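Undergrad: Sending over a structure as structure tokens; questions will come in a sec.
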Amino acid sequence: MTDTPDEPEITLDPTPTPFDLAHQAMQDAPDDDAARLAMYDCLIGAELFVLLAAEPEEAEPGSAPVIAPQLIATDEGRFILAFDREDRLAAFTGQAAPYAALPGRVVVDQLAGQGIGLGVNLGIVPQALLLPPEAIDWLAGTLAERPQEDEGWPDHFLPPQLPKSLLDRLTQRLASWAASAGAEGREAWLSGVGWMDGRQGHVLVFQPIPEDEGGSEAEAALAKAVSEALIFAGLEGEEIAVVFLPDDDPARPALAETGWRFALDAEALAAAEAALEAEEAERKGPGMDPDRPPILH
């Protein structure tokens, strides 16, 4: 008789992930809308390792593989399981198991409208999360929102008047975008703007993106990143128009005089993330509003 070899022991990395920290901040301030929004923001930006029922299969040669997530049934409905590190998935299954590594936003988009929830890090860390189907649908709807159309060029420029927390989140988003798009070293200018009818808002100005770097598609993705930064900072009512102006545009001198400069590089990203962590540590709960993100129990 041959002994069956034991499965290798799985050692978990004790280092908390960004999602752990965001989830803990939400638990520490259960009535804080901003903490919940920050947790959702972290979830959609994370790479999730989704447990599958079977190995992915190609529907047709050369096509994207078809995946079938493992479903679990609970008293609260059906859920798929995902983990924000591969070692956490391995610790949950205790053996080799099929999985797909997907961005959190893709997982949310695929689950929307199916009546299926998402379990994150279940049974592995105290910061486990069970996201019900209605929360998935809310989050998917939020991500599907498009930036508002530009309402015409303003009549004058003003110093920007936005909270520091939003500026830090904008810097984080924009620097992350620049890193993923190979556009580090770019800069942006933020300025307040006004119209003759009394309306005021803000404008965020970038250099046009060359066609060989993505062109209009990359510009649309950048505008979406700004829109999401506003939503997940709890300031979805703010108006920030995203425009692309060459260096020789006549408006550039006024922007430089009244605006704030954003550097889109690794140093700016690190500084923004450190500032956001400090802000989360000091945040106090302001109360709830029915239109705010769903509270998780």
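Undergrad: I'd like the per residue volume of the convex hull spanned by the Cα atoms of region 156-264, given in cubic angstrom.
TA: Working: hull volume 11.1 nm³, N = 109.
Spread over its residues, the Cα hull of region 156-264 gives 102 Å³ apiece.
Undergrad: Please turn the phi angles of region 106-119 into ³J(HN,Hα) values with the Karplus equation 6.51 cos²θ - 1.76 cosθ + 1.60 (θ = phi - 60°), one per residue in order, whole Hz, x for glycine and proline.
TA: 5, 4, 4, 4, 6, 7, 4, x, 9, x, 10, x, 10, x
Undergrad: Can you pull the one-decimal nm distance between simple spin-label points at ASP31 and GLU213, each 7 Å off the Cα toward Cβ?
TA: Placing both labels 7 Å along Cα→Cβ, they lie 4.7 nm apart.
Undergrad: Relative contact order (percent) for region 156-264, with alpha-carbon contacts under 8 angstrom and 6 or more residues of separation? Numbers along the way, then the final one.
TA: Working: 155 pairs, mean separation 45.1, N = 109.
For region 156-264, the relative contact order is 41 percent.
Undergrad: A further question follows. What does the highest-first list of 80-91, 194-205 look like by mean Cβ count within 10 Å?
TA: Order by mean packing, descending: 80-91, 194-205.
Undergrad: Continuing with the same structure: With both partners inside region 156-264, how many of the DSSP beta bridges are antiparallel, as a percent to the nearest 5?
TA: Working: 15 of 20 bridges.
Around 75 percent of the beta bridges assigned by DSSP in region 156-264 are antiparallel ones.
Undergrad: Follow-up. By the scheme Lys and Arg +1, Asp and Glu -1, what is the net charge of all other residues having a beta-carbon under 12 Å from that of LEU158? Spell out each step's value before the answer.
TA: Numbers: positive: ARG199; negative: ASP155, GLU257.
Neighbour charge sum, excluding LEU158 itself: -1.
Undergrad: Here is a follow-up. Run the simple label-point estimate for GLU55 and VAL106 please: 7 Å along Cα→C-beta, distance reported in nm.
TA: 2.0 nm
Undergrad: Sticking with this structure for a sec: What is the distance, in nm, between label points placed 7 Å from the Cα along the Cα-to-Cβ direction at ALA274 and at HIS156?
TA: About 3.9 nm, to one decimal.
Undergrad: Full-extension gain between ARG261 and ALA221, please, as 0.36 nm times their residue separation minus the C-alpha to C-alpha distance.
TA: Details: separation 40, 0.36 × 40 = 14.40 nm, distance 2.03 nm.
Length gained, ARG261 through ALA221: 12.4 nm.
Undergrad: Moving on to the next point. Under the 0.36 nm per residue contour assumption, what length would be gained going from the current alpha-carbon distance of THR11 and ASP75 to full extension?
TA: Details: separation 64, 0.36 × 64 = 23.04 nm, distance 3.14 nm.
So the chain would gain 19.9 nm between THR11 and ASP75.
Undergrad: Related question: Explain nothing, just compute: Karplus ³J(HN,Hα) = 6.51 cos²θ - 1.76 cosθ + 1.60, θ = phi - 60°, for every residue of region 20-26 in order, whole Hz, x for Gly and Pro.
TA: 3, 5, 5, 5, 5, 4, 5
Since every read-out is calculated from the coordinates, none of them should be taken as a lab result. Since the model is a prediction, treat every value here as computed from it, not as a measurement. Ideal geometry is used to build each Cβ from the backbone, glycine not excepted, and the neighbour counts take in all protein chains shown.
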